[in-house]
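Below is one structure, written out as structure tokens; comments come after it.
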Amino acid sequence: MIADKIQKQLKKVLLELGIDNPKVQLEHPADETHGDWSTNIALQYHKQIDDFSNPRELAEAVIEKLKPFSEETHEIYKLSIAGPGFINFRLAKEYFRTRIIKMAEMNSPDFFAEYINKNKDKKVIVEYSSPNIAKPFTVGHLRSTIIGDAVANLYEVLGWQVYRDNHLGDWGTQFGKLIYAIKTWGDREEISESKNPIKDLVKLYIKFHEEAEEKPEIEDIGRSWFRKLEEGDDEARSLWNWCIELSWKEFRGIYGELGISFTENNGRGYGESFFEDKMSEVVSLLEEKLTPEDAVKNGAHYAEGDNGAKLIFFEDEKYPPMMLMKKDGATLYSTRDFATDYFRLAQYDNPDLIVNEVGAEQSLYFEQLYKVEQIMGWYKPGQRVHVKHGLYRFKDKKMSTRRGNVIWLEDVIAEAKKRAEALSPDKKHIAHVVAIGALKWNDLKSETTRDIIFDWDDLLSMKGNSGPYIQYATVRAKSVLRKAALEEFYPGFGDDSWKLDKDEMSLVRHLDRFTEVVEQAAKEFAPHHLATYLFELAQRFNGFYNTHPIINAENSDARERRCTLTQVAAKVLEYGLSLLGIQTPEEM
């Protein structure tokens, strides 16, 4: 890749000039007339070299040393200096011509062949969605599900071995409370035959907490039922398994609507309950390693708290204590998470990366978790990553299943379909693809960490920077190719046929950056980079389409060139959308 070549040469030049271990950053100038790549190394390093009194002098020296490289590669057309010392690189049209021809000849996944060869031995576990059993999906579950899926897609296309895990919340004290509620106020037969059995279970869960406000003692009864569940009580296990199967029936429907799947544990993922018999070993390991005597050396120690609970205390007091076992001996999700990550060491032979796509409100917890796992020697810094997402909120309050103020995801999907059908009443067969595209895009186009204020119109927007807008640009490009009655275009692109005007060149430059943006989005766990790129590509293609005859171009060279550009734009738009988990309909 040309950017890698330029960076390598710049580092070589800086070393020759006396800079030790130079760091070189390249970026695209905001104004494309300045060039295709730019670097600020002259401003960054000129004070470290006595021979140069200002950045421009250093920039001139760097350019002089780069000339042999530029002449040898034939990929750089012009080197220039802007402002106080920015070095700009203008790539040759021959470079872009070669790139576009290659992209036209390739299947879309082959765009990433260089990355695949480099990353084929790397392993990443992406943990996402992770809903709670006996609770329907709310609109809040949408974020972890589709962001995590997009991150997994990005790493997969770059050649990593990707393991998609769904760490279901199917264990914990809440199940003791639910078991008590079912036994006290529920009817299993009636719930099983209900149209919405999971919502009926939620009503019972809500009722438990309403009753607990008047009768706090039932909280202890709920906890006792969870202890029975942990101890293998037949009745507790039977009710728990029943809740799981009812839940999975609903989960499969939601995942089917969203096009989501998992690879681990037969497609269900390793839920918390899978680690039920693995927690005692992990607790023993923690207790053995994190002794009070070695607290200063390790940075943390395991001990009993004032109320009898077992906790991990951090020596530097950077973090508050982390509870590992309740006073009654019951486990917590921290216990189960330690067991999960210890299991992964052996199961996946020390994976290169483990990603937890979980809400930002869990940031402190994951910092504690990762810190302890580093102390234990299980993982190194950077090997564990928390991809944070903000919450869906009402304008004046948080959503809460416990308090019954939530919006169910199935209702959001149904409303999205209804609105998509209203846009094209005669094309209801594409409404599902457009509706799901609108939902996913509205989320993925923004940075994951920001909260989203729930608003029906914003959530299901079909205009402007929206999924349907990108889908329509893709459909338009593919329609042009069908009308041309040709599937592929491989012109010779001689000098006479490669005379690009401003709009064509703008489109070509943007197409060339596709793989670069995908790599950035994966590296930063930020699908919005790809969404931003695709929106701009759709805008550039639409501008090109509206001002340039394609099929009826002025001559055969222009026709073949523009059809080729259209073909590559269609490939990149469609494949880029698929990496975000969004399908493209055949018509709109």
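The values are calculated or read from the model by the stated rules, or taken from the named source; none is laboratory data. Note that the structure is a prediction, hence the values are computed from the model and not measured. Positions of Cβ are generated from backbone atoms using ideal geometry, with glycine treated the same way; all protein chains shown enter the neighbour counts.
I'd like the full set of residues that are among the small types (Gly, Ala, Ser) and more than 29 Å from the chain's Cα centre (by Cα), limited to the range 320-335.
GLY329, ALA330, listed by residue number.
Residue check: is GLU487 more than 15 Å from TYR575 (Cα to Cα), of a type outside the set (Gly, Ala, Ser), at pLDDT below 80 and in contact with a Leu (Cβ under 8 Å, 6 or more places away or on another chain)? Outline the logic, then answer.
Working: more than 15 Å from TYR575 (Cα to Cα): yes; of a type outside the set (Gly, Ala, Ser): yes; at pLDDT below 80: yes; in contact with a Leu (Cβ under 8 Å, 6 or more places away or on another chain): yes.
The answer is yes for GLU487.
So which helices (runs of 4 or more DSSP H) stay within the range 275-379 end to end and still have 2 or more residues that are at pLDDT 95 or above? So that I can check it myself, show each step before the final result.
On the way: elements: 279-289, 295-298, 333-347, 363-375.
Per the criteria, 279-289, 333-347, 363-375.
Regarding the range 119-127, can at least one residue be identified that is closer than 30 Å to LYS199 by Cβ and either among the small types (Gly, Ala, Ser) or surrounded by 23 or more Cβ atoms within 10 Å (Cβ to Cβ) (or both)?
Yes, because at least one residue in the range 119-127 is closer than 30 Å to LYS199 by Cβ and either among the small types (Gly, Ala, Ser) or surrounded by 23 or more Cβ atoms within 10 Å (Cβ to Cβ) (or both).
For the range 558-588, what are the residues that are in contact with a Ser or Thr (Cβ under 9 Å, 6 or more places away or on another chain) and over 30 Å from ILE147 (Cα atoms)?
Scanning the range 558-588 gives ALA558, GLU560, ARG561.
Among the candidates ALA414, ALA422, single out the residue that is closer than 22 Å to THR138 by Cβ, at pLDDT below 95 and part of a helix (DSSP H, G or I).
Values: ALA422 fails: closer than 22 Å to THR138 by Cβ.
Every option except ALA414 fails the conditions.
So ASP443 passes all but one of these: (1) crowded, with 20+ Cβ neighbours inside 10 Å; (2) more than 20 Å from ALA521 (Cβ to Cβ); (3) among the acidic types (Asp, Glu). Which condition number does it fail?
(2)
Table: residues versus (1) of a type in the set (Val, Ile, Thr); (2) under 20 Å from the mean Cα position of the chain (by Cα); (3) assigned by TED's automatic domain parsing to the domain that holds HIS386.
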| position | (1), (2), (3) |
| --- | --- |
| LEU511 | no, no, no |
| PHE535 | no, yes, no |
| GLY543 | no, no, no |
| ARG559 | no, no, no |
| VAL568 | yes, no, no |
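Among the residues of the range 231-249, which ones are part of a loop (DSSP other than H, G, I, E, B) and either of a type outside the set (D, E, K, R) or not assigned by TED's automatic domain parsing to the domain that holds SER273 (or both)? I'd like the intermediate steps shown before the answer.
Quick first cut of the range 231-249, residues part of a loop (DSSP other than H, G, I, E, B) only: 232-233.
Scanning the range 231-249 gives a single hit, GLY232.
Within the range 141-160, does at least one residue satisfy the condition of being among the basic types (Lys, Arg), farther than 25 Å from GLU276 by Cα and within 21 Å of the chain's Cα centre (by Cα)?
Taking the range 141-160 as the starting set, the residues that turn out to be among the basic types (Lys, Arg) are 143.
Okay, now just the ones that are also farther than 25 Å from GLU276 by Cα, so 143.
Within this subset, residues satisfying the condition of being within 21 Å of the chain's Cα centre (by Cα) are 143.
There is at least one residue in the range 141-160 that is among the basic types (Lys, Arg), farther than 25 Å from GLU276 by Cα and within 21 Å of the chain's Cα centre (by Cα).
Given the residues ILE407, ILE453, ILE436, which is the only one that is in contact with a Gly (Cβ under 9 Å, 6 or more places away or on another chain) and modelled with pLDDT under 90? Can you show your working first?
Values: ILE453 fails: in contact with a Gly (Cβ under 9 Å, 6 or more places away or on another chain); ILE436 fails: modelled with pLDDT under 90.
Going through ILE407, ILE453, ILE436 in turn, the sole match is ILE407.
Test each condition in (1) surrounded by 17 or more Cβ atoms within 10 Å (Cβ to Cβ); (2) part of a helix (DSSP H, G or I) for ARG252 and report the one that comes out false.
Checking ARG252 against (1) surrounded by 17 or more Cβ atoms within 10 Å (Cβ to Cβ); (2) part of a helix (DSSP H, G or I), the one that fails is (1).
Condition check: touching a strand residue (DSSP E or B) at 6+ places or on another chain (Cβ under 8 Å) and outside any loop (DSSP other than H, G, I, E, B). Does ARG99 satisfy that?
Working: touching a strand residue (DSSP E or B) at 6+ places or on another chain (Cβ under 8 Å): no; outside any loop (DSSP other than H, G, I, E, B): yes.
No, not satisfied.
State the number of residues belonging to the range 188-198 that are of a type outside the set (S, T, N, Q) and out of contact with any Asp or Glu (no Cβ under 9 Å at 6 or more places or on another chain).
We begin by selecting, within the range 188-198, every residue of a type outside the set (S, T, N, Q); these are 188-191, 193, 195, 197-198.
Now narrow it down to the ones that are out of contact with any Asp or Glu (no Cβ under 9 Å at 6 or more places or on another chain): 188-189, 193, 195.
Residues meeting the conditions: 4.
Quick check on ILE100: is it buried (at least 16 other Cβ atoms within 10 Å of the Cβ), under 22 Å from ASP501 (Cβ atoms) and either hydrophobic (A, V, I, L, M, F, W, C) or within 29 Å of the chain's Cα centre (by Cα) (or both)?
Numbers: buried (at least 16 other Cβ atoms within 10 Å of the Cβ): yes; under 22 Å from ASP501 (Cβ atoms): yes; either hydrophobic (A, V, I, L, M, F, W, C) or within 29 Å of the chain's Cα centre (by Cα) (or both): yes.
Yes; evaluated as a whole, the condition is true for this residue.
Determine whether the range 223-230 contains at least one residue that is part of a strand (DSSP E or B), in the same structural domain as SER280 (by TED's automatic domain parsing) and buried (at least 23 other Cβ atoms within 10 Å of the Cβ). Walk me through it before giving the result.
First, the residues of the range 223-230 that are part of a strand (DSSP E or B): none.
No, that holds for no residue.
Search the range 361-378 for residues that are within 13 Å of MET323 (Cβ to Cβ) and pair each with any residue that is loosely packed, with under 14 Cβ neighbours inside 10 Å and of a type in the set (A, V, I, L, M) when their beta-carbon atoms are under 8 Å apart and the residues are at least 6 apart or on different chains.
Close Cβ pairs satisfying both conditions: none exist.
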